[in-house]
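First up is the structure itself, then whatever we jot down about it.
The values are calculated or read from the model by the stated rules, or taken from the named source; none is laboratory data. Being a predicted model, the structure only gives us computed values, none of them experimental. A quick note on method: Cβ atoms are made from the backbone with ideal geometry, for glycine too, and the neighbour counts reach across all protein chains shown. Surface accessibility is based on the protein's heavy atoms, side chains included, excluding ligands, DNA and RNA. Shrake-Rupley method; radii C 1.70, N 1.55, O 1.52, S 1.80 Å.
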Amino acid sequence: MLNTKRNILLSLSAFAFTLALTSTSAFSSEDLFKKLDTNTDGMISKAEAEAHQVLNELFDSLDLDGDGFISPSEFTTANLDK
Ligand SMILES: [Ca+2]
């Protein structure tokens, strides 16, 4: 479990870095979420996740309640649980 979480964090960090390349501001999970929520409905759907290879691979791990969407709280939990 710990190893899985660590792998997720490492993947997310790498993923955040690739997105941050286009931004001059420091990375935050809130900013990253907004970039990923392309239709701005407040949730990251499977379709939105599929646009990013790393996120697509992590989707099931991040979707803690299994409803098919990543909520802001699920996304923040994954980022802050170090
Ligand atoms: Ca969305």
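Annotations
- Residue list for the stretch 46-82, filter: open to solvent by 30 Å² or more (accessible area, probe 1.4 Å), in contact (Cβ under 8 Å) with a residue 40 or more places away in the chain and not acidic (Asp, Glu): Val54, Ser61, Pro72, Thr76, Leu80, Lys82
- Taken as a whole, the condition of being at pLDDT 85 or above and open to solvent by less than 100 Å² (accessible area, probe 1.4 Å) does not apply to Ala20.
- Residue match in the stretch 66-81 (condition: modelled with pLDDT under 80, at negative phi and of a type in the set (A, V, I, L, M)): yes
- Selected residue (criterion: nearest to Phe15 (Cα to Cα)) from residues of the stretch 55-74 that are acidic (Asp, Glu) and either in contact with a Pro (Cβ under 9 Å, 6 or more places away or on another chain) or part of a helix (DSSP H, G or I) (or both): Glu57
- Residue check, Phe75 within 14 Å of the ligand (Cβ to nearest atom), of a type outside the set (S, T, N, Q) and under 15 Å from Ser29 (Cβ atoms): yes
- Residue count for the stretch 35-45, restricted to those that are near the ligand (Cβ under 10 Å from one of its atoms) and surrounded by 13 or more Cβ atoms within 10 Å (Cβ to Cβ): 5
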